[in-house]
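Student: Questions regarding the structure given below will be posed in turn.
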Amino acid sequence: MPPQHGAWAFLALPLVLGALVSPGSWTTLLLAWAAFTLYPASYFALSLGRARRGARFRRPLTIWMLAAVVPSAVLLAARPWLVWVGLGYAVLFAVNLAFARRNRERDLGNDAVLVAQAVALVPLTWLLASSGAGAWAPPVASVPDRVWLLTVDGALVLVGSTLHVKSLLRERRNPAYAVASRGFAAASLVLALGLAAAWGLPEGVGLVVPFMVLTARAFKRDWSRWRPAQVGLVELACFVLVAAGAAVAVVA
């Protein structure tokens, strides 16, 4: 299993957000299956690509690739336009690989690519559930506004989480990351007010409340006694709160 446990939550949140604003469809379950098998496959592919002795990565890569074959093949057969999505992800994966080969996969630029790969699952969930077979996906103009609002919502959460965790762990001795984390959290709260207004009030308030908690979490000063696992659990709880807030906004 990949050691980056937080990556699973980075996949789960966009999938949940996408499911909340998409018609019920079997494609959503298959997309989740594909995402949760292709992520570890990509992790071991990147590890193999940068390792001098990569033999130990070949077996897990093979296992996860085989696990991804069924959902990927079924989705591609039912929605042939996914080949274009696959090409887009291949380009982004090439960027990940370039960072990995230089041992810079922790750079913010690579993090931004990973966030883009994750949040793209929100509109992709809707497109899969709302379209039929064909060489082309539905036009972007047909995607409901609320799908894009939750896409932005998810992007703000994932970027903010990336900055916050870096400021506490890998970059804890770099005060610039703490400043960036707090500044982005405050800006995200303001943007969340805009998302709520665009969604419609009062139900849009469900999108704002989680960002109040995220901002408070970012401005907490003393994390010195918190172990990485505890920090991760806090982030997981925040992700659950974001999903719950979106659910409230959808059903209210």
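Student: Let me know the whole percent of all Cα-Cα pairs from the stretch 174-248 that are separated by more than 18 Å. Numbers along the way, then the final one.
Tutor: Working: 1233 of 2775 pairs.
Of the Cα pairs, 44 percent sit more than 18 Å apart.
Student: Could you calculate the FRET efficiency of A78 with A7 from 1/(1 + (r/R0)^6), where r is the beta carbon distance between them and R0 is 25 Å, rounded to 0.05?
Tutor: Numbers: r = 27 Å, r/R0 = 1.07.
Calculated transfer efficiency: 0.40.
Student: Rounded to a whole number, what % of the accessible area of the chain do carbon and sulfur atoms account for, probe 1.4 Å?
Tutor: Numbers: 9050 of 12970 Å².
Carbon-and-sulfur percentage of accessible area, whole number: 70.
Student: Sort the following peptides by mean Cβ neighbour count (other Cβ atoms within 10 Å, averaged over residues), highest first: 196-203, 139-146. Could the numbers behind the result be given before it?
Tutor: Working: 196-203: 14.6, 139-146: 11.8.
Averaged packing, sorted descending, gives the order 196-203, 139-146.
Student: In addition: Given the Cα-Cα distance of A51 and R104 and 0.36 nm per residue of separation, how much length would full extension add, in nm?
Tutor: Taking A51 through R104 to full extension adds about 17.7 nm, to one decimal.
Student: Let me ask another. Got a sec? Charge dipole of the chain, +1 on Cβ for Lys and Arg, -1 for Asp and Glu; which of L20, A216, P138 is way out at the positive end?
Tutor: With unit charges placed on the Cβ atoms, the residue in question is A216.
Student: Another question, then. Considering the alpha-carbon set of the stretch 53-104 alone, what are its Rg and its Dmax in angstrom?
Tutor: Reported Rg and Dmax, both Å: 13.9, 39.
Student: Working only with C-alpha atoms, what are the Rg and Dmax values of the stretch 50-136, expressed in angstrom?
Tutor: Considering the stretch 50-136 through its Cα atoms, Rg and Dmax are 15.4, 45 Å.
Student: Mind ranking 66-75, 220-229, 152-161 by how tightly packed they are, going by the mean number of other C-beta atoms within 10 angstrom, highest first? Can you show the working numbers first?
Tutor: Values: 66-75: 15.8, 220-229: 10.0, 152-161: 23.9.
Put in order of decreasing packing, that is 152-161, 66-75, 220-229.
Student: For the chain, treating each Cα as an identical point scatterer without solvent, what Debye log10 I(q)/I(0) comes out at q = 0.08 1/Å?
Tutor: Values, matching the q order: -0.33.
Student: Could you give the length gained on full extension between A244 and A176, defined as 0.36 nm per residue of separation minus the Cα-Cα distance, in nm? Each step should come with its number before you reach the end.
Tutor: Values: separation 68, 0.36 × 68 = 24.48 nm, distance 3.14 nm.
Computed gain between A244 and A176 is 21.3 nm.
Student: Can you pull the semi-axes for the stretch 81-190, root of five times each eigenvalue of the Cα gyration tensor, sorted largest first, whole Å?
Tutor: Working: eigenvalues 190, 77, 11 Å².
Listed largest to smallest, the semi-axes of the stretch 81-190 are 31, 20, 7 Å.
The values are calculated or read from the model by the stated rules, or taken from the named source; none is laboratory data. All of these numbers come straight from a predicted model, not from anything done at the bench. In this analysis, Cβ positions are derived from the backbone assuming ideal geometry, glycine residues included, and neighbour counts consider all displayed protein chains. Side chains are part of the model used for accessible areas, which takes the heavy atoms of the whole protein and leaves out ligands, DNA and RNA. Shrake-Rupley method; radii C 1.70, N 1.55, O 1.52, S 1.80 Å.
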